[in-house]
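Colleague: Shown below is the structure under consideration.
The values are calculated or read from the model by the stated rules, or taken from the named source; none is laboratory data. Small disclaimer: the values here were computed from a predicted structure and weren't measured. Ideal geometry is used to build each Cβ from the backbone, glycine not excepted, and the neighbour counts take in all protein chains shown. All accessible areas refer to the heavy atoms of the entire protein, side chains included, with ligands and DNA or RNA removed. Shrake-Rupley method; radii C 1.70, N 1.55, O 1.52, S 1.80 Å.
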Amino acid sequence: MIGVGEAFSSRYMLARQKFLKACASAGLTVRSHVHPLKGRDGEELAMDVALDGNPDAQRLLIVTSACHGVEGYCGSGVQIFALHDDEWRAKARDQGVAVLYVHALNPHGFSHVRRVTHENVDLNRNFFDFDEPLPVNEPYASLHALLLPAEWPPTAENHAAIAAWIDQHGAVAFQAAVTRGQYQFADGLFFGGNAPTWSNKTIRDVLRTHAQSARQLAWIDLHTGLGPNGIGERIFSCKDDKAAYARANAWWGTPAAPVTSIYDGSSTSAFLTGLMWNSVYEECPRAEYTGIALEYGTVPVMEVMGALRGDHWLHQHPEAPEELAASIRARMLEAFYTDSDAWRGQIISQARQAMFQAVDGLAGTA
């Protein structure tokens with residue numbers, strides 16, 4: 001076993017080293033998909049993939065981190081702890097479930113403490129057929145200039161203008177407008193891109209390589225930034241399908257805390273577009289798929305929004321004074337990772353429970 005604190009890291013480079021070392025200790029082969037750019041410390045970036053179990057297993061659980069780069073400081077710790085957890089590994093093996101760990105879906109964002117990819121794209125809004133017309137997010141268009149003002153910190157007038165928008169439309173509408181995904185402002189927040197990103201193409205390759213033998217496929221994608229601090233919301237991550245939602249609730253839900261959904265408004269997340277799990281239906285069409293995003297709370301949503309606004313502003317203004325830049329980066333990390341032993345303990349215990357439940361679900365014993 002490894003201590004909970006030891007599983008987490010303060011830099012991407014350290015997290016990757018721990019993941020590779022954990023895989024080696026577990027006797028697992030790692031396939032590293034090297035990113036075209038370097039990290040903030042000049043280090044190599046990669047989407048590292050390790051399969052624990054039979055390559056031809058009919059039952060497969062995928063556990064992924066850092067879809068939204070900076071959120072990898074949480075998800076990486078879960079994966080590293082799991083690789084050192086003999087009880088967990090025996091549980092999956094004894095149930096005939098192979099486990100595919102994908103460390104750092106978006107390694108560039110992980111390293112640079114950003115949520116987006118190097119293309120400034122929100123990876124979880126990027127899974128579209130880009131030959132088709134893209135959605136138009138008109139509410140976001142009305143907010144774009146306010147969200148990214150000419151100066152930072154924002155002026156009192158800017159704060160007042162955003163407050164007036166929220167007063168008129170409501171806080172829920174504001175969150176939906178900003179986070180749903182938009183495809184018109186390449187420098188903006190929650191930009192879904194105008195073509196598949198490197199990470200999009202790479203995870204599809206991973207699915208084609210490792211998941212096409214599976215007939216039952218589960219996916220736990222680890223996220224942070226929404227909800228009460230340290231609480232892991234299980235958000236349904238499939239098509240709007242009643243049978244899949246029933247399975248997800250049977251595996252991960254309880255009467256007091258059912259799996260939430262963007263389709264019925266029960267989730268802290270707004271309804272989103274271009275989601276990553278679309279790739280499963282396209283790359284693994286023969287598999288019965290059941291998935292969740294395990295979304296851990298950090299700070300209130302408006303503080304998360306403020307951190308994201310600052311990060312995007314800094315990306316537009318690389319000439320910003322270093323003191324200001326450092327404060328923006330620190331605020332980003334705080335928005336997506338709570339640096340406390342209590343929080344890390346909650347993260348591990350809830351993720352571990354969800355992984356055990358996924359194995360039981362895949363094995364038909366849930």
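Colleague: If N is the number of residues in the range 1-97, what value comes out of its Cα radius of gyration divided by 2.2 N^0.38 Å?
Modeller: Output field value: 1.10.
Colleague: Follow-up. Counting Lys and Arg as +1 and Asp and Glu as -1, each charge on the Cβ, what is the dipole of the chain about the Cα centre in debye, to the nearest 20?
Modeller: For the chain, the charge dipole is close to 900 debye.
Colleague: Within the accessible area of the chain, what % is carbon and sulfur when the probe is 1.4 Å and the other protein chains stay in place?
Modeller: The computed percentage sits at 54.
Colleague: Can I ask one more? Using only Cα atoms, tell me the angle between helix 156-169 and the longest principal axis of the chain; keep it within 0 to 90° and round to the nearest 10.
Modeller: 60 degrees
Colleague: Pop out the ³J(HN,Hα) list for the range 266-281 in order, Karplus 6.51 cos²θ - 1.76 cosθ + 1.60 with θ = phi - 60°, rounded to Hz; leave Gly and Pro as x.
Modeller: 7, 7, 5, 7, 6, 5, 10, 10, x, 6, 5, 5, 3, 5, 5, 5
Colleague: In the full protein assembly as shown, how much of C284 is accessible to a 1.4 Å probe, in Å² to the nearest 10?
Modeller: 10 Å²
Colleague: May I ask you to give the solvent-accessible area per residue for the range 104-201, in square angstrom, as obtained with a 1.4 angstrom probe?
Modeller: On a per-residue basis, 42 Å².
Colleague: With each label point set 7 Å from Cα along the Cα-Cβ vector, what nm distance links Y263 and Q17?
Modeller: My value for the distance between the label points is 4.6 nm.
Colleague: Restricting to lysine pairs 8 or more places apart or on different chains, what number in the chain have Cα atoms under 22 Å apart?
Modeller: 5
Colleague: Between the DSSP loop rule and a limit of at most 15 other Cβ atoms within 10 Å, which GluC sites (Glu not before Pro) in the range 100-183 are left?
Modeller: Filter output for the range 100-183: E151.
Colleague: If you don't mind, there's one more thing I want to ask. Specify whether the C-alpha gyration tensor of the chain places it in the rounded, prolate or oblate class, a ≥ b ≥ c being the square roots of the eigenvalues: rounded for a/c under 1.5, otherwise prolate if a/b is larger than b/c and oblate if not.
Modeller: It is prolate, given that a/c is not under 1.5 and a/b is the larger ratio.
Colleague: Counting only DSSP beta bridges with both residues in the chain, what percent are antiparallel, rounded to the nearest 5?
Modeller: Counting DSSP beta bridges with both partners in the chain, the antiparallel share is about 40 percent.
Colleague: Let me ask another. Which whole-Hz ³J(HN,Hα) couplings does the range 7-23 yield from phi under the Karplus relation 6.51 cos²θ - 1.76 cosθ + 1.60, θ = phi - 60°, glycine and proline marked x?
Modeller: For the range 7-23, the Karplus curve yields 6, 9, 9, 9, 9, 4, 4, 5, 4, 5, 4, 5, 5, 5, 5, 5, 5 Hz.
Colleague: Given the protein chains as shown and a 1.4 Å probe, how many square angstrom of E282 are accessible, to the nearest 10?
Modeller: Only protein atoms counted, so the area is about 110 Å².
Colleague: Something else about it: Radius of gyration and Dmax for the range 245-300's Cα atoms, expressed in Å?
Modeller: Radius of gyration, then largest Cα-Cα span, for the range 245-300: 12.9, 40 Å.
Colleague: Please compute the per residue accessible area over the range 244-366 with all protein chains in place, 1.4 Å probe, rounded to a whole number of Å².
Modeller: Per residue, the range 244-366 has 42 Å² of solvent-accessible surface.
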